[in-house]
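Okay, structure first, notes after.
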Amino acid sequence: MLIFRKKIGLLLKRILKKEITTATFNCIISGDGKENMFSVEIPMDKTVSNLKSLIKKTVKPRFNNVSITQMDLYKLNFPPSQLRGSEPNLVKLREPWKPIETFLSFEFRPFVKENIHLVVTPVHWKEVNCTVKYKHETRKFIWQITQDIGSLSHFKNKLSSVFTEISNIDYQSLKIKSEDVETYEVKNVEDDNDLYKIVWADNYRVNINVELTVL
């Protein structure tokens, strides 16, 4: 009986030590639904930069092209049921060298385990989830872009790899109608500026519905 009690005591000490020395954050990538929430556990003596590295490893391969210096973390800290999609006025974590223990003490009072704690947003990248209708067929693909490669010409190149039956797509006049998934407003995309307004939204993940016509 004494040996059993000692084993139980050691087990409780290990559990308490783990609770004291690690923290688990529930995270979500901006634009994702609450069903895509994920958790990362990190030692208290690590930094916010270490947390970013762990997040990148957890969501691999989504952030393969993104360095941790291009990732922003925003404090959310409310229940998944309150997630609205685009969250305004979130506080960005601006001190990557800050230890997790300090960050946890000052930024999360109280710390509720069930909440979504952090929103992850790559600074210069977007993940555009495209649903494209051409004639009587619909195809879906993901277009990862930066501001440098988010032009209409690059979008045509991406379309040409998906709809190989359209010849010389770079030289075709395309009428692209993008249906906003929130307002259902239909917009004609005729130049880079039109496309920029649609895909360069606040969230990392952007969903667009496109109707494609070769004129």
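The values are calculated or read from the model by the stated rules, or taken from the named source; none is laboratory data. Here the structure is a predicted model, which is why all the values come from computation and not from measurement. So basically every Cβ, Gly included, is an ideal-geometry build from the backbone, and we count neighbours across all protein chains shown.
Screening Lys113 on (1) at pLDDT below 80; (2) farther than 15 Å from Asn203 by Cβ; (3) not acidic (Asp, Glu) shows it passes everything except condition (1). Just checking, does the range 55-65 include any residue being surrounded by 19 or more Cβ atoms within 10 Å (Cβ to Cβ), within 14 Å of the chain's Cα centre (by Cα) and part of a loop (DSSP other than H, G, I, E, B)? Yes, because at least one residue in the range 55-65 is surrounded by 19 or more Cβ atoms within 10 Å (Cβ to Cβ), within 14 Å of the chain's Cα centre (by Cα) and part of a loop (DSSP other than H, G, I, E, B). Scan the range 69-100 for residues that are part of a helix (DSSP H, G or I) and surrounded by fewer than 17 Cβ atoms within 10 Å (Cβ to Cβ) and the total you get is 5. Residue selection: Val112 satisfies the criterion of being closer than 30 Å to Leu90 by Cα, free of Cβ contacts under 8 Å to residues at least 40 places away in the same chain and among the hydrophobic types (A, V, I, L, M, F, W, C).
Glu114 meets all of the listed conditions (1) surrounded by 12 or more Cβ atoms within 10 Å (Cβ to Cβ); (2) of a type outside the set (A, V, I, L, M, F, W, C); (3) touching a helix residue (DSSP H, G or I) at 6+ places or on another chain (Cβ under 9 Å) but one, namely (1).
In the range 201-215, the residue that is surrounded by the most Cβ atoms within 10 Å (Cβ to Cβ) out of those that are among the polar types (S, T, N, Q) and farther than 16 Å from Asp32 by Cα is Asn209. Scan Lys56, Lys60 and give me the residue that is without any contact (Cβ under 8 Å) to a residue 40 or more places away in the chain, in contact with a Phe, Trp or Tyr (Cβ under 6 Å, 6 or more places away or on another chain), charged (D, E, K, R) and under 23 Å from Thr22 (Cβ atoms). Testing whether each residue is without any contact (Cβ under 8 Å) to a residue 40 or more places away in the chain, in contact with a Phe, Trp or Tyr (Cβ under 6 Å, 6 or more places away or on another chain), charged (D, E, K, R) and under 23 Å from Thr22 (Cβ atoms) leaves just Lys56. Where strands (runs of 3 or more DSSP E) sit wholly within the range 129-191, those with at least 3 residues that are at pLDDT below 85, more than 21 Å from the chain's Cα centre (by Cα) and not hydroxyl-bearing (Ser, Thr, Tyr) occupy 174-180, 186-189.
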